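A quick write-up on the structure given underneath.
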Amino acid sequence: MAAGIDEFERSIAPLVRPHLAGLARDGQRPEQLFITCADSRLVPSLITTSGPGDLFCMRNVGNIVPAYGAADTSIGAGIEYAVDVLGVATITICGHSGCGAVGAMMAGAADAQSALGGWLGSAGIDLAGREHQEECIIANVEQQLANLHTYPSVRRAADAGRLTVVGLYFDLAEARMYAVTDGVRSRLTSGAASSL
């Protein structure tokens with residue numbers, strides 16, 4: 001990490017310093033809240049080609065959004081801040097292939113009394129009858145979209161036409177993003193991608 005920081009300060013910082021100075025002076029105005037998994041293989045700025053100030057990101061194990069009023073309030077606080085304070089126009093929930101959290105849910109591998117088991121349980125997803133991991137990952141994205149709509153600030157902004165909610169699936173091996181709609185993944189067209 002030290003070598004990476006040194007490389008950043010020598011070669012990249014001089015290029016981005018004016019932009020970062022503007023963000024420091026004027027504050028952030030991201031147009032999108034991007035909720036995704038904490039998996040180290042998934043790099044939001046890389047897969048969206050975004051830079052500083054573009055995305056308000058929240059990452060956690062399994063890209064989970066506990067329903068409004070659940071015990072964990074940090075995700076809710078981030079959602080409310082993004083919608084009510086920053087005024088984001090889009091919230092994206094992005095799952096990914098090979099998700100270990102979904103794999104653990106499928107296998108029942110996490111003890112319900114553990115922190116991990118409690119967290120995975122807050123996803124609120126029923127995987128009964130689903131055998132394939134990709135199908136379960138897509139179902140998880142859709143459940144988190146449903147959970148997102150339990151937040152009053154999200155419902156108010158969506159009802160007022162100020163907020164769009166989107167589900168995505170990133171295939172790591174293909175390095176390709178897919179839209180998630182009605183339980184299936186589909187290729188993003190250039191028109192659909194530009195509306196995100």
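Data for the structure
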quantity: Strands (runs of 3 or more DSSP E) lying entirely in the stretch 81-196 (those with 1 or more residues that are open to solvent by less than 20 Å² (accessible area, probe 1.4 Å)); calculated: 90-96, 164-171, 176-181
quantity: Selected residue (criterion: nearest to Ala21 (Cα to Cα)) from residues of the stretch 58-75 that are open to solvent by 60 Å² or more (accessible area, probe 1.4 Å) and not in a loop (DSSP other than H, G, I, E, B); calculated: Arg59
quantity: Filter result for Phe34 (more than 22 Å from Ile137 (Cα to Cα) and of a type in the set (Phe, Trp, Tyr)); calculated: no
quantity: Qualifying residue in the stretch 165-173 (condition: of a type in the set (Asp, Glu), touching a residue at least 60 places away in the same chain (Cβ under 8 Å) and within 28 Å of Leu46 (Cβ to Cβ)); calculated: yes
quantity: Test result for Leu23, in contact with a Pro (Cβ under 9 Å, 6 or more places away or on another chain) and either farther than 28 Å from Glu134 by Cβ or among the basic types (Lys, Arg) (or both); calculated: yes
quantity: The stretch 1-40, subset more than 27 Å from Gly76 (Cβ to Cβ) and touching a residue at least 24 places away in the same chain (Cβ under 8 Å), residue most open to solvent (accessible area, probe 1.4 Å); calculated: His19
quantity: Tally of residues being among the hydrophobic types (A, V, I, L, M, F, W, C), more than 23 Å from Pro152 (Cβ to Cβ) and not in a loop (DSSP other than H, G, I, E, B) across the stretch 33-57; calculated: 4
quantity: Close pairs (6 angstrom Cβ cut-off, 6 or more residues apart or separate chains): closer than 18 Å to Ala139 by Cα in the stretch 111-122, part of a helix (DSSP H, G or I) anywhere; calculated: Leu120/Met105
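The values are calculated or read from the model by the stated rules, or taken from the named source; none is laboratory data. Since the structure is predicted, the reported quantities are computational estimates derived from the model, not experimental observations. So basically every Cβ, Gly included, is an ideal-geometry build from the backbone, and we count neighbours across all protein chains shown. To get the accessible areas, we keep the full protein, side chains included, count just its heavy atoms, and leave off ligands, DNA and RNA. Shrake-Rupley method; radii C 1.70, N 1.55, O 1.52, S 1.80 Å.
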